[in-house]
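Reviewing the structure listed below.
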Amino acid sequence: MVNKKKERTLLNARSNEFQIMNEVQRAKFVLTTLDKIYPNIKVPLKSRNVFTLLISVLLSAQCTDVNVNNVTKKIYTKYYKPEHFVKLGRKKIEKLIKKIGIFRIKAKSIYNLSKILINNHNGKVPKTFEELEKLPGVGHKTASVVMSQGFGYPAFAIDTHIHRLAQRWGLSSGKNVVQTEKDLKRLFPKKKWNKLHLQIIYYGREYCKARDCYGLTCKICSSCYPNRKKPVITLKA
Ligand code: SF4
């Protein structure tokens, strides 16, 4: 009788072990789950061409997409080319975007990058990471969003949501955003990157918020980590 009880305990422990997914299985599970929740996904920032997309992404740093859309919907009806912003000048751009955080710095970047686009790129947004990242106010994250949403090039922009979720799902150590990007690109097929980037952001905003959950409540973590008992503390981006 005692032996049978021991045997059962051992079997339970084993089956728990088997339930634990490895990194690749977790990635597949995340992909399938997000595809079910968000089969079609909309780009959250509104724009009317690649140039205005670039401006919107630049404006969205430390600011919500809703706020950016509210401000830009009045701007883009009239101003939507680099020439328009150069003509406006810095002070007028500041006035137009003053409801957005760090608007003076952003106005300066918009004005200067518009001039560079006219002088060096025939008024067009360049199609390479290298050239984009040389523009004022444009870092790797902004360039990645423009490359994927503007030109359809596979990219994986890592924002604060993606950095946090990748850690909670055990897909990255969260050492830094560069590492998170490498890890996610290694784990997910290239053709999924652009959609997945948006799906993770939506899931992070809707369910997996920074202070609302620590890896213990919803289906993703409870399936990937059935034995998880302690909250997961994530590193910031
Ligand atoms: S359990 Fe919490 S941390 Fe894990 S995916 Fe769900 S909401 Fe996010």
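Going by how many other beta carbons lie within 10 Å of each one, how would you line up Leu113, Leu34, fewest first?
Starting with the residue having the fewest Cβ neighbours, the order is Leu34, Leu113.
What is the local net charge at Gly123, summed over the other residues whose Cβ is closer than 13 Å to its Cβ (Lys, Arg +1; Asp, Glu -1)? Each step should come with its number before you reach the end.
Numbers: positive: Lys81, Lys87, Lys115, Lys124; negative: Glu83.
Surrounding charge for Gly123 is +3.
Taking K and R as +1 and D and E as -1, what net charge do the other residues with C-beta under 14 Å from the C-beta of Pro44 add up to? Working shown, then result.
On the way: positive: Lys42, Lys46, Lys73, Lys195, Arg205; negative: Asp65, Asp159, Glu206.
Once positives and negatives cancel, what remains is +2.
In square nanometres and to one decimal, what's the mean projected area of the convex hull around the Cα atoms of region 50-151? Each step should come with its number before you reach the end.
Values: hull surface 22.2 nm².
Seen from a random direction, the Cα hull of region 50-151 projects 5.6 nm² on average.
Need the list of aspartates and glutamates near Lys78 for cross-linking: C-alpha distance under 18 angstrom, and skip anything on the same chain fewer than eight residues off.
Candidates past the 8-residue exclusion: Glu94.
How long, wide and thick is the chain, going by the Cα atoms along their three principal axes, in whole angstroms, largest first?
88, 30, 30
Could you tally the net charge around Arg164, taking each other residue with its Cβ under 12 Å from the Cβ of Arg164, Lys/Arg +1 and Asp/Glu -1?
Working: positive: Arg168, Arg205, Lys209, Arg211, Lys236; negative: Asp159, Asp212.
In short, +3.
For the residues Met147, Met21, what sequence is obtained by ranking on other C-beta atoms within 10 Å, fewest first?
Working: Met147 20, Met21 17.
Taking fewest neighbouring Cβ atoms as first place, the list is Met21, Met147.
Region 28-107: percent of C-alpha pairs farther apart than 21 Å? Spell out each step's value before the answer.
Values: 1084 of 3160 pairs.
When every Cα pair of region 28-107 is considered, 34 percent fall beyond 21 Å.
Check Tyr153: other-chain or 5+ apart residues with amide H under 5 Å from its amide H, H built from backbone geometry?
Ser148
Could you sort out which of Lys87/Lys190; Lys175/Lys229; Lys74/Lys190; Lys95/Lys190; Lys99/Lys141 sit more than 29 Å apart by Cα distance in this structure?
Check vs 29 Å cut-off fails for Lys87/Lys190; Lys74/Lys190; Lys95/Lys190.
Which order do the peptides 203-213, 186-196 take when ranked by the mean count of other beta-carbon atoms within 10 Å per residue, highest first? Show your work: numbers first, answer last.
On the way: 203-213: 13.5, 186-196: 15.8.
Final packing ranking: 186-196, 203-213.
How much mean residue ellipticity at 222 nm does the chain get from its helices, if each DSSP H run of length 4 or more adds -39500 (n - 2.57) and you divide by all residues, to the nearest 500 deg cm²/dmol?
Computed ellipticity for the chain at 222 nm equals -17500 deg cm²/dmol.
Using a 10 angstrom cutoff on alpha carbons, build the Gaussian network for the chain and name the most mobile of Gln149, Gln62, Gln179.
Gln62
Measuring from centroid to centroid over Cα atoms, what is the spacing of region 58-119 and region 160-181 in Å?
What the calculation gives is 30 Å, centre to centre.
With a ≥ b ≥ c taken as the square roots of the eigenvalues of the C-alpha gyration tensor of region 121-237, please select rounded if a/c is under 1.5 and otherwise prolate if a/b is larger than b/c or oblate if it is not? Write out the running numbers ahead of the final one.
Values: a/c = 2.56, a/b = 2.29, b/c = 1.12.
Since a/c reaches 1.5 and a/b is larger than b/c, the shape of region 121-237 is classed as prolate.
Past 22 Å, Cα to Cα, is the threshold; run Lys46/Lys106; Lys81/Lys106; Lys108/Lys182 against it and keep the listed order. Don't jump to the answer; show the numbers that get you there.
On the way: Lys46/Lys106 18 Å; Lys81/Lys106 16 Å; Lys108/Lys182 32 Å.
From Lys46/Lys106; Lys81/Lys106; Lys108/Lys182, over 22 Å: Lys108/Lys182.
Quick note: the coordinates plus some simple rules give every number you see, no bench work behind them. All figures in this text were calculated on a predicted structure; none of them were measured in a lab. A quick note on method: Cβ atoms are made from the backbone with ideal geometry, for glycine too, and the neighbour counts reach across all protein chains shown.
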